Amino acid sequence: MNSFVNLSSIFFKMELRNKQAAIMSTVFPILMMALMGTAGKDAARDGMSYMTYIFPGILGMAYGAIGLIALPVMIASYRERGIFKKIKVTPISTSKIMVSIFSTQLFIMAIQTVIILGISVFIFNVQLNFSSIYTLLLIPLLLMGGLSLLGVGLIIGIYANNAKNATTMGNLSNLVFIFLGGTFFPSDVWPKILMPFVYINPLNYIIEAIRKTLIFETQNLNTYLTELSVLTAIAVITLVFCVKVFKYE
């Protein structure tokens, strides 16, 4: 237990020094929300401000920046700098390393959520509804969603030869996930040939759940369980795969 706490603490402190990741995962989405909300201030949709409508997409974009960009770059960078090679000679198992990394990133996602949510509600006046029981149930769904994005990001980090390649692959993956995930427009507008990729895109379920729960209040049990099951399956499959193929150097 002590080794897990110490390792998680080390990873967290190292991530706090990563200013680029903080900008891409939190500052940039907030700026995007401000710019797009201002540009579309006269384009009210379904009786709500445009800024309220795009809020789930902005939050999803922020999660993607951590899971698909920041994490792969971190993994590739640590491998280049020999950090994982040093950990390899310790008794710490690969699974414990994975849990430490994911715990750190999920904690950062939680901080990120609070910051973006607070700025959206109290500064941008985004109208959200927190009265539904599904507001509480949204927490485990976002947890599974975060894990699924981190699982995909870890795969990118494992197979990227260096931090530069990880940055390129991560940005490209994030761009694809954003466009196919219903971030700013419905995901069902894509041709049928792309729909299988939409169905396995974690952002699609994360954004849709946020939108149905906090904005439209149309979430129901069947849809919720489907979204949670898909995200859990993606998380489990990717994480088990990562433990098997993880490279220390």
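The values are calculated or read from the model by the stated rules, or taken from the named source; none is laboratory data. Since we're looking at a predicted model, the values are computed, not measured. FYI the Cβ positions are ideal-geometry reconstructions off the backbone, even for glycines, and counts take in every protein chain you see. Areas reflect the complete protein model, heavy atoms only, side chains present, ligands, DNA and RNA absent. Shrake-Rupley method; radii C 1.70, N 1.55, O 1.52, S 1.80 Å.
Is it the case, given these coordinates, that residue 206 is modelled with pLDDT of 95 or more, of a type in the set (A, V, I, L, M) and at negative phi?
yes
Do we find a residue being charged (D, E, K, R), under 18 Å from the mean Cα position of the chain (by Cα) and at pLDDT 95 or above anywhere in segment 219-230?
Yes, segment 219-230 contains a residue that is charged (D, E, K, R), under 18 Å from the mean Cα position of the chain (by Cα) and at pLDDT 95 or above.
Considering each residue of segment 72-107, count those that are in a helix (DSSP H, G or I) and either among the basic types (Lys, Arg) or under 10 Å from the mean Cα position of the chain (by Cα) (or both), and give that number.
7
Looking only at helices (runs of 4 or more DSSP H) that lie completely in segment 167-249, which have at least 3 residues being under 16 Å from residue 146 (Cβ atoms) and not aromatic (Phe, Trp, Tyr)?
Fully inside segment 167-249 and qualifying: 202-210, 221-245.
Looking at 214, 194, 231, can you tell me which residue is open to solvent by less than 70 Å² (accessible area, probe 1.4 Å) and under 17 Å from residue 67 (Cβ atoms)?
231
Can you find a residue in segment 86-106 that is open to solvent by 20 Å² or more (accessible area, probe 1.4 Å), at pLDDT 90 or above and closer than 26 Å to residue 34 by Cα?
Yes, there is a match, as at least one residue in segment 86-106 is open to solvent by 20 Å² or more (accessible area, probe 1.4 Å), at pLDDT 90 or above and closer than 26 Å to residue 34 by Cα.
Among the candidates 170, 146, single out the residue that is closer than 17 Å to residue 25 by Cα, at pLDDT 95 or above, open to solvent by less than 10 Å² (accessible area, probe 1.4 Å) and out of contact with any Ser or Thr (no Cβ under 9 Å at 6 or more places or on another chain).
Of the residues listed, the single one that is closer than 17 Å to residue 25 by Cα, at pLDDT 95 or above, open to solvent by less than 10 Å² (accessible area, probe 1.4 Å) and out of contact with any Ser or Thr (no Cβ under 9 Å at 6 or more places or on another chain) is 146.
The rows are residues; the columns are (1) aromatic (Phe, Trp, Tyr); (2) touching a residue at least 24 places away in the same chain (Cβ under 8 Å).
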{"position": "170", "(1), (2)": "no, yes"}
{"position": "174", "(1), (2)": "no, yes"}
{"position": "177", "(1), (2)": "yes, yes"}
{"position": "220", "(1), (2)": "no, no"}
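Collect the residues in segment 132-161 that are free of Cβ contacts under 8 Å to residues at least 60 places away in the same chain and in a loop (DSSP other than H, G, I, E, B), keeping them in residue-number order.
Result: 133, single match.
Name the single residue that is most open to solvent (accessible area, probe 1.4 Å) among those in segment 109-130 being among the polar types (S, T, N, Q) and assigned to a helix (DSSP H, G or I).
It comes out as 113.
Go over the candidates 156, 139, 133 one by one and state the one that is on the phi < 0 side of the Ramachandran plot, within 19 Å of the chain's Cα centre (by Cα) and open to solvent by 20 Å² or more (accessible area, probe 1.4 Å).
Unique residue meeting the criteria: 139.
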